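What follows is a set of notes on a single structure, which appears directly below.
The values are calculated or read from the model by the stated rules, or taken from the named source; none is laboratory data. Bear in mind the structure is a predicted one, so any value in this text is a computation, not a measurement. Using ideal geometry, Cβ is built from the backbone for each residue, glycine included, and neighbour counts are taken over all protein chains shown. Quick note on the areas: whole protein, heavy atoms, side chains included, nothing else; ligands and nucleic acids left out. Shrake-Rupley method; radii C 1.70, N 1.55, O 1.52, S 1.80 Å.
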Amino acid sequence: MHILLVRFSSMGDVVLQTATLNWLRALLGKEAHFSFVTSSEFVGLMTSHPEVGAVIGFDRKGGESWGDFKRKIMSLHSERPIDLILDLHGTLRSFRLRCSFWRIPALTVDKRRWERFLLTKIKSVRLKRLFDLKLFGLETQVTRIIRDFEGIFDDTRGVRRTVEFRKGAHQELTSLGARSPFSLPTPYLVIAPAASFEFKRWPVASFVELVRVLLKETSYHLVILAGPEDTFCAAFDDISSDRLHNLQGKTSLKQSMDVLAHATLCVGNDSGMNHIAEAAGVSCVTLFGPTDPRFGFAPHGTRSRFLAKEMACRPCSTTGKTACYRDRHYCMEEITVAEVRETIRQILEDR
Ligand code: SF4
């Protein structure tokens, strides 16, 4: 059986699908063949994954036409006929892909859009509690996907469906990344202050304060990881310490993966960095603001924790893209440095 899995973005969601792959492999055995379609910037996340045969990237930002992209899939299909398309994205783009290959059976993930939407619209904390406990719980997105899809297979008894990266995932993920050119002294904690959207970020001043506290109260080295566009990380340059390593904009995605895979712990927002760290078996502290762990992105590691403030306005956005409509960014500002520090302490002492 040849299955084409489709997830164009974002980085964290693509990483999370490694658990789906592991589940499919356990279910279908060695004979099954998996190919993966994603955005070109995330091809590197999947190319060396042991469960994936071919990775096809769509370079929409670089101007690749839909026709050229489609031809790449047609070529894959002619080499090894695709038996099933698993659409793990559920967007217009993935719908277009399914339509382009309408002769191939396809299944798409149910993203629970209306439940998510309703949760962002209810403004009573009590009602929200009743509503979301019934509909959401803390089921992760991947567990949900697996539950949706398992009905299509004849017998899934005995196949674990928990979110679980296979033993050795640490080495696998590390092998995906080029060795970091930075010789970082260990042990170190990663601070990942960036996020895909501004309102998903804990204030940089709070991250800076946290770094000061950690430098003072622990002996760990601290590594700042963020992309080239996250210039707000210059705020960390005011701290003078040879235990602080600000790598903002200095690492490729693969090098960031490598740095994360060797960390003791990662502290960050609801973002791809935290998902990558967890995939490598590294515990995380994840800070939620306008989005919500119940949307399916709660950290799943046994020692990982998340912090989120219960308030009438949150969650206000299914993706974190929507601008905050209040006079202040309360959902994030009310998460204190002391709370994050305490959560870090608990995880480190639990090791
Ligand atoms: S404070 Fe409320 S409205 Fe503003 S971003 Fe946070 S959850 Fe949304």
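Numerical summary
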item	result
Filtered residues of the range 313-323 (kept if open to solvent by 20 Å² or more (accessible area, probe 1.4 Å) and at pLDDT below 90)	T318, T319, K321, T322
Residues of the range 94-117 classified as open to solvent by less than 60 Å² (accessible area, probe 1.4 Å), in a helix (DSSP H, G or I) and at pLDDT below 85, total	2
Residue selected from the range 324-351 under the condition open to solvent by 60 Å² or more (accessible area, probe 1.4 Å) and either in contact with a Phe, Trp or Tyr (Cβ under 8 Å, 6 or more places away or on another chain) or more than 21 Å from V204 (Cα to Cα) (or both), by the criterion nearest to the ligand (Cβ to nearest atom)	Q346
Some residue of the range 7-20 being surrounded by 16 or more Cβ atoms within 10 Å (Cβ to Cβ), modelled with pLDDT of 90 or more and within 20 Å of the chain's Cα centre (by Cα)	yes
Residue tally, condition within 14 Å of the ligand (Cβ to nearest atom), under 23 Å from D350 (Cα atoms) and either part of a helix (DSSP H, G or I) or of a type in the set (S, T, Y) (or both), over the range 291-315	1
Yes/no for A205 being under 24 Å from C316 (Cβ atoms) and touching a strand residue (DSSP E or B) at 6+ places or on another chain (Cβ under 9 Å)	no
Conditions (1) crowded, with 23+ Cβ neighbours inside 10 Å; (2) in contact with a Cys (Cβ under 8 Å, 6 or more places away or on another chain); number of the one not met by M257	(2)
Strands (runs of 3 or more DSSP E) contained in the range 187-276 and holding at least 2 residues out of contact with any helix residue (DSSP H, G or I) (no Cβ under 6 Å at 6 or more places or on another chain), modelled with pLDDT under 95 and outside the structural domain of V337 (by TED's automatic domain parsing)	none
Count of the range 54-104 residues which are of a type in the set (G, A, S) and touching a residue at least 60 places away in the same chain (Cβ under 8 Å)	1
Residue count for the range 284-297, restricted to those that are out of contact with any Cys (no Cβ under 7 Å at 6 or more places or on another chain) and open to solvent by less than 10 Å² (accessible area, probe 1.4 Å)	9
The range 27-77 - residue that is part of a loop (DSSP other than H, G, I, E, B) and among the hydroxyl-bearing types (S, T, Y) and, of those, farthest from K254 (Cα to Cα)	S65
Which numbered condition A280 misses (of (1) in contact with a His (Cβ under 8 Å, 6 or more places away or on another chain); (2) under 15 Å from N269 (Cα atoms))	(2)
